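Please treat every number below as a calculation from the coordinates, not as lab data. Everything numeric here is computed off the predicted structure, so don't read it as measured data. FYI the Cβ positions are ideal-geometry reconstructions off the backbone, even for glycines, and counts take in every protein chain you see.
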Amino acid sequence: MRARLGLSVLSLLAFLALARPAEASVTLGLGADWLEGGTGELNLTLGADSFLARNISLGGRAGAAFFDNSHNVGIPIDLSLKVHIERIYFQGLVGPWILLDSNNLFQFHGAFGFGLESGSILFGAEVGRLSHATMLGLRLGFRL
């Protein structure tokens with residue numbers, strides 16, 4: 001039993017020693033989406049992420065979303081897992097979006113994004129779902 005515990009602790013320490021040093025970054029994002037049914041949405045977010053390994057980062061974003069077909073204002077909150085390959089990134093997002101002045105306050109959001117990173121600017125596309133509607137959008141981000 002002690003041998004297994006010792007081996008587990010040593011394995012964890014070896015994994016942490018090989019991990020990339022923490023490099024946190026903060027990003028100001030602007031996004032525009034088309035939702036199934038013809039609704040448009042514009043969002044402004046603030047995100048933060050930190051590298052877990054050489055090419056993998058974990059982070060989150062939150063902000064404000066404005067929908068064009070109604071007076072709904074939302075608060076998008078997403079957890080993000082991003083894979084970086086040279087200047088290209090692939091990203092998975094999941095989290096609740098809080099829609100104020102709506103019958104359904106909490107709505108599920110899940111998406112896949114990809115794009116280019118060049119210095120402090122990120123540009124990409126995102127495909128996902130907001131509750132029962134498909135979303136297609138563009139993202140522009142500025143590292144602060």
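Site pair Asn72 and Leu46 shows an inter-label distance of 2.5 nm when each label is modelled 7 Å from Cα along Cα→Cβ. Here region 30-44 is scanned for amide nitrogen atoms under 17 Å from the site 7 Å beyond the Cα of Arg129 along Cα-to-Cβ, giving 35-37.
Here the extension length gained between Ala53 and Glu36 equals 2.5 nm, from 0.36 nm per residue of separation less the Cα-Cα distance. Along its principal axes, region 21-143 has C-alpha extents of 44, 21, 21 angstrom, given from the largest down.
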